[in-house]
Amino acid sequence: MKNRIKELLDDVNQLAASNQEDLEALRIKYLSKKGLISELFTDFKNVANEEKREVGQLLNELKNAAQSKINDLKDSFNQSDKNEQHSDLTRTADPVLLGSRHPLSLVKHQIIDIFSRIGFTIAEGPEIEDDWHVFGALNFPPEHPARDMQDTFFIEQNPDIVLRTHTSSVQTRVMTTQKPPIRMIFPGRVYRNEAISYRAHCFFHQVEGLYIDKDVSFADLKQALMYFAKEMFGEHTQIRLRPSYFPFTEPSAEMDISCNICGGEGCPFCKYTGWVEILGCGMVDPAVLENCGIDSKIYSGYAFGMGVERITNLKYQVKDLRMFSENDIRFLKQFESAH
Ligand code: DAH
């Protein structure tokens, strides 16, 4: 009996099965009620009493060994099943998630697109600028309160270097390096020392426009801006120009469009006036042309500057400016279908 048990123990330790059916056959052969091990248990009653203890232990050992061997084989099959699933080349691929453009980029590109259709090309300039390009050349006299109009961030070590407060600084760069005719727009980020709230931020984006040629008139400016407003906000959009003041334009104006949220009827967004301001503009002051080396007796020009956040708010009704820089995926995902 002992020999028989040891023989079976050897066999059991070497068991192998190449599939589930083979494994089941082995289980039946060794562990079922009529299996080899059960048979031994039946024979156990014939074992001499003095040997019962030893043989009983061996028998239990054999049964446990068979049980754990069969379980191990079963586990290895389950495991290889899983592995097979992982490498199933016929499975369809998981859908690839596409990102979406940032709303400010969407609107900036739309503005660029609209102006490029009437011949404007693009230029960009540095965000860290010297005082002359941001203020001096644009008729902000030194120490004049007009400089305070724009809550400038100065670089402490060198007060001549500032974070540009407006993209008008790119006008200076272009006018000092290129000859008219100039018909360009300048998109970019600008900085102002403002407390951050739902309606103000220390940085935002502008698109500046500049057209300089012989005989450019205020009528040309108005025509270009009307075209822009209708392309951006729809054919029904109306514009109105209000006299204003900027050091670098004369005359200067601010442009309102009929509120595209209430259609001009009056709503909280337009403060019940039916109009919302979207940009500043004017005829380039002849002194600015001269500062930049352009003969103001031959050339005239118009300029305008708009805030991209403001236009985006009007298009998408984003009520809190901070949303634009928080990168909250739930906010950004809403622009997936826009392009
Ligand atoms: N630079 C002005 C600002 O940041 C906007 C502006 C007004 C730009 C009139 C212009 C302009 O080019 O002609 O508020």
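Taking strands (runs of 3 or more DSSP E) as the structural unit, no element lying wholly within region 160-273 holds at least 1 residues that are of a type in the set (Asp, Glu), more than 16 Å from the ligand (Cβ to nearest atom) and in contact with a Leu (Cβ under 9 Å, 6 or more places away or on another chain). Residue check: Gly293 meets all listed conditions (1) open to solvent by less than 60 Å² (accessible area, probe 1.4 Å); (2) part of a loop (DSSP other than H, G, I, E, B); (3) closer than 20 Å to Phe135 by Cα but one, namely (1). List pairs: first residue in region 241-263 and free of Cβ contacts under 8 Å to residues at least 60 places away in the same chain, second residue more than 14 Å from the ligand (Cβ to nearest atom) and of a type in the set (Lys, Arg) anywhere in the structure, Cβ distance under 9 angstrom, at least six positions apart or on different chains. Pairs that qualify, where the first residue is free of Cβ contacts under 8 Å to residues at least 60 places away in the same chain and the partner is more than 14 Å from the ligand (Cβ to nearest atom) and of a type in the set (Lys, Arg), are Met255/Arg240; Asp256/Arg240; Ile257/Arg240; Ser258/Arg240; Asn260/Lys315.
In region 298-306, the count of residues that are within 16 Å of the ligand (Cβ to nearest atom), β-branched (Val, Ile, Thr) and modelled with pLDDT of 90 or more is zero.
Being open to solvent by 20 Å² or more (accessible area, probe 1.4 Å), at pLDDT 95 or above, among the acidic types (Asp, Glu) and at positive phi is the requirement here; does Asp215 meet it?
The answer is yes for Asp215.
In the set (1) open to solvent by 40 Å² or more (accessible area, probe 1.4 Å); (2) among the aromatic types (Phe, Trp, Tyr); (3) modelled with pLDDT of 95 or more, Phe115 fails one condition alone, (1). Among the residues making up region 192-246, those that are acidic (Asp, Glu) and within 18 Å of Leu104 (Cα to Cα) are Glu208, Glu231.
The values are calculated or read from the model by the stated rules, or taken from the named source; none is laboratory data. Being a predicted model, the structure only gives us computed values, none of them experimental. As a convention, Cβ positions derive from the backbone with ideal geometry for all residues, glycine included, and neighbour counts pool all protein chains shown. Heads up: the accessible areas ignore ligands, DNA and RNA and are worked out on the full protein's heavy atoms, side chains in. Shrake-Rupley method; radii C 1.70, N 1.55, O 1.52, S 1.80 Å.
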